[in-house]
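Heads up, the thing below is written out as structure tokens.
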Amino acid sequence: MKIIRSPEIMHEVSKIHLFEGTTIGFVPTMGALHEGHMSLVRKAKSENGVTVVSIFVNPAQFGPSEDFDKYPRTIEADIERSQREGVDILFIPDAKSIYSDTFATYVNVAGLSDKLCGAFRRGHFTGVATIICKFFNILMPARAYFGQKDFQQGMIISRLIKDLNINVKLTVCPTVREKDGLAISSRNSYLNAQQRRAATVLYRTLLSISQAIKAGDSNLIVAKKEMNNMLKAEPLISEIQYAGIYSPDTLDEIFELEKENLLATSVRIGDIRLIDNMIVTL
Ligand code: AMP
């Protein structure tokens, strides 16, 4: 496994692969690698000649009061895990090489970026779209892999690719969960034992509402209320940012069932923000 830290060298290496006709599969991450990330790596490996994983805790996607400084950084373990999984290239640039002193260009996917998580994390998705656009230009991947856990992020990248005619095929892979249903996330390491137990309420709630809808409950006002009640019943939840049923095409709240329906929620347990979602297909 190669470790590349310079964007210029990464670009040159990608050019050689392109010239040789080897496709690049790209998995962007912020590190603290876990099974969720590895599921993307496995998918990328099965479809491409070369798999590149980036590890970059992107300052541009964190708000001033967010957890940039304390975000888990486990680089040694990440390198070992990537090697074990058969990653070909780990791209680990530092912030200075990505954002020069004169950096001034941002990519904003208007509309979608302001909904759901975007309403609570102003500027977050501009930071995400900007870094992904830069990485696409540096790596020139044929395919890129994202997780459904960050459903809105996947949609925004999909729109970015379409709107800016970027030649990358995006694949969104299913959410990998712990045995008790909690969506695996690097931020789960912030949870103490009690909070960790409480966090399972997200999955239990999504599953229960999904099952009710599939069984014929079609009143989405009632379903949303029930969803919020289930979350509120967990005393360690300090804030429900949103919990409802949305169109997976527009992220707008829906009041009548469609073929595909997005159940999504964001809550805080203490000051730890957790998100989860589920698609209900009828
Ligand atoms: P992150 O390092 O949290 O920015 O995540 C990097 C990529 O891994 C994103 O595309 C995430 O959606 C994806 N990812 C994170 N957690 C999971 C999970 N539990 N299952 C599947 N994909 C995930």
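The values are calculated or read from the model by the stated rules, or taken from the named source; none is laboratory data. Fair warning: this is a prediction, and the values are worked out from it, not measured in the lab. A quick note on method: Cβ atoms are made from the backbone with ideal geometry, for glycine too, and the neighbour counts reach across all protein chains shown. Remember, those area values only see protein heavy atoms, side chains included, never the ligands or the DNA or RNA. Shrake-Rupley method; radii C 1.70, N 1.55, O 1.52, S 1.80 Å.
Under the condition of being closer than 16 Å to Ile269 by Cβ and touching an Asp or Glu at 6+ places or on another chain (Cβ under 9 Å), the residues counted in the range 207-238 number 1. Going residue by residue through the range 53-76, is there one that turns out to be of a type in the set (Asp, Glu) and farther than 25 Å from Ser189 by Cβ? No, that holds for no residue. Please determine whether any residue of the range 105-126 is open to solvent by less than 10 Å² (accessible area, probe 1.4 Å), β-branched (Val, Ile, Thr) and over 19 Å from the mean Cα position of the chain (by Cα). For the range 105-126, residues open to solvent by less than 10 Å² (accessible area, probe 1.4 Å), β-branched (Val, Ile, Thr) and over 19 Å from the mean Cα position of the chain (by Cα): absent. Across the range 111-169, the qualifying residues are those that are part of a helix (DSSP H, G or I) and in contact with a Gly (Cβ under 8 Å, 6 or more places away or on another chain), and the one among them that is nearest to the ligand (Cβ to nearest atom) is Lys149.
The residues of the range 1-42 that are near the ligand (Cβ under 10 Å from one of its atoms) and outside any strand (DSSP E or B), listed by number, are Met30, Gly31, Ala32, Leu33, His34, Glu35, Gly36, His37, Met38, Ser39, Leu40, Val41.
Of the residues in the range 69-80, at least one is in the same structural domain as Arg159 (by TED's automatic domain parsing), open to solvent by less than 60 Å² (accessible area, probe 1.4 Å) and within 22 Å of Arg268 (Cβ to Cβ). Taking each residue of the range 221-235 that is under 15 Å from Met278 (Cα atoms) and looking for partners that are open to solvent by 90 Å² or more (accessible area, probe 1.4 Å) and outside any helix (DSSP H, G or I) with beta-carbon atoms closer than 8 Å, six or more apart or interchain, yields Ala223/Asp217.
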